[in-house]
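Step one of this worksheet: look at the structure below.
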Amino acid sequence: MFNGFVSCLRVSLESRLPIRDITAAFRLEPVNDLRVTIAGNLDQWQRLNAPCLARLRSLTIGVPNEHNQQILEILENVFHGHHWSGLNELTLERSAPNFQPGPREYIEQLAHSPLLSNLHSLSLMVEQPDLHLLTHQPQIENLRTFSVWGRLMPGATGVIASAAFRPNLEELDLTQSYLEGDWTRALAIVAWPKLRSLDLGGNELTDTGVRSLLPLIPRLTDLSLCGSNITDAGALALADAIDPEKMERFSLSYNPLSPETVDALRIRFGERFHFTASTGPP
């Protein structure tokens with residue numbers, strides 16, 4: 001509900017109750033966000049697949065954790081649907097809580113989907129070979145926001161840095177990707193002409209990684225490096241690289257910073273600086 005109206009619908013294709021008049025729901029309420037749990041029920045998808053879906057701006061698809069041929073066929077129908085003309089945000093997630101990416105076949109279907117060309121925002125969990133397949137499709141070049149999470153290898157940042165969407169990307173979110181080593185260097189050695197927001201929280205980011213990242217910092221308006229291993233030296237180096245006239249939000253919560261450094265950053269950036277101290281071991 002938003003301002004008393006239904007803006008988001010949640011539909012499970014595994015429900016035993018048949019989807020009835022989806023068109024009526026769109027006619028009665030200002031629905032622009034759909035969240036679908038995929039199951040091996042083609043009839044349910046056919047009931048859902050209607051011209052009214054063209055109004056949607058955001059779509060979240062929940063897929064099972066295991067490969068299933070029926071699911072694959074339905075995903076092919078979904079990703080090659082004819083009613084996604086208004087869609088610009090897509091999230092692909094597990095239908096059940098799980099920190100493992102879905103089967104490669106599901107990502108392959110998405111990588112060859114015509115709906116990629118209209119997307120401005122894409123969020124998903126994916127393994128590195130599939131990441132390359134997806135990010136190097138030419139039809140994804142108009143992407144503005146890219147979010148990926150899961151257990152990525154350090155080379156994943158090089159894959160992202162060479163993605164088709166890099167020249168147009170404005171927001172990059174690699175939160176909780178469990179990246180280790182000097183993985184930030186690959187991000188900073190290429191040009192990101194439109195990048196304004198960067199979230200690398202929840203990774204093994206040290207002061208060494210911060211130093212590699214510094215060339216990117218002056219262009220940013222939003223920077224979040226929470227839950228890492230950045231010390232006072234790294235935090236102060238970041239602060240020196242920030243353009244104070246551009247930065248709107250700078251977050252270093254849950255890093256091992258001294259009270260003195262936290263105070264200095266709060267004085268320098270005021271309410272734009274966000275920090276919460278860790279209350280225990282990570």
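The values are calculated or read from the model by the stated rules, or taken from the named source; none is laboratory data. Just so it is clear, the structure is predicted and the values come from calculations on it, not from any experiment. Ideal geometry is used to build each Cβ from the backbone, glycine not excepted, and the neighbour counts take in all protein chains shown. The area values use the complete protein model at the heavy-atom level, side chains included, leaving out ligands, DNA and RNA. Shrake-Rupley method; radii C 1.70, N 1.55, O 1.52, S 1.80 Å.
Couple of notes before you dig in:
- With Cα atoms, 0 to 90° folded angle of helix 259-269 axis to the chain main axis: 70
- Per-residue packing, averaged as other Cβ atoms within 10 Å, sorts the ranges 111-119, 270-278 into the order 111-119, 270-278, beginning with the highest.
- The local environment of VAL190, defined by Cβ-Cβ distances under 14 Å, has a net charge of +4 under the rule Lys, Arg +1 and Asp, Glu -1.
- Computing FRET efficiency as 1/(1 + (r/R0)^6) for SER258 and THR91, where r is the C-beta to C-beta distance and R0 is 45 Å, gives about 0.75.
- For PRO167, net neighbour charge (Lys/Arg +1, Asp/Glu -1) across residues whose Cβ lies under 13 Å away: +1
- Environment charge of LEU122, counting only residues whose C-beta is closer than 10 Å and scoring Lys/Arg +1, Asp/Glu -1: 0
- To put it simply, the accessible area of the chain at a 1.4 Å probe is 51 percent carbon and sulfur.
- Selected from ILE74, ILE267, ILE19 as most flexible by GNM, with the chain as the system and alpha-carbon contacts under 10 Å: ILE267
- For the chain, the longest principal axis of the C-alpha atoms and the axis of helix 69-79 are separated by about 80°.
- For the chain, a Gaussian network of Cα nodes joined below 10 Å ranks SER177, SER58, SER15 by mean-square fluctuation, and the top entry is SER15.
- Taking the chain and dividing mean pair separation by its residue count, relative contact order in percent (alpha carbons under 8 Å, at least six apart): 9
- The stretch 130-237 shape via C-alpha gyration tensor axes, a/c threshold 1.5: prolate
- Overall dimensions of the stretch 1-67 as given by Cα atoms, namely Rg and Dmax in Å: 12.2, 40
- Note that the stretch 1-155, at 10 °C in a medium of 1.306 mPa s, gets a Stokes-Einstein diffusion coefficient of 99 µm²/s from its Kirkwood radius over C-alpha pairs.
- Summed over qualifying helices (DSSP H, 4 residues or more, each -39500 (n - 2.57)) and divided by its residue number, the chain shows a 222 nm mean residue ellipticity of -7500 deg cm²/dmol.
- Pairs of C-alpha atoms in the stretch 189-282 farther apart than 17 Å represent 44 percent of all such pairs.
- The stretch 98-180 - percent relative contact order, Cα under 8 Å, separation 6 or more: 31
- Relative contact order [Cα under 8 Å, 6+ residues apart], the stretch 112-242, whole percent: 19
- Per residue accessible area of the stretch 1-149, 1.4 Å probe, in Å²: 50
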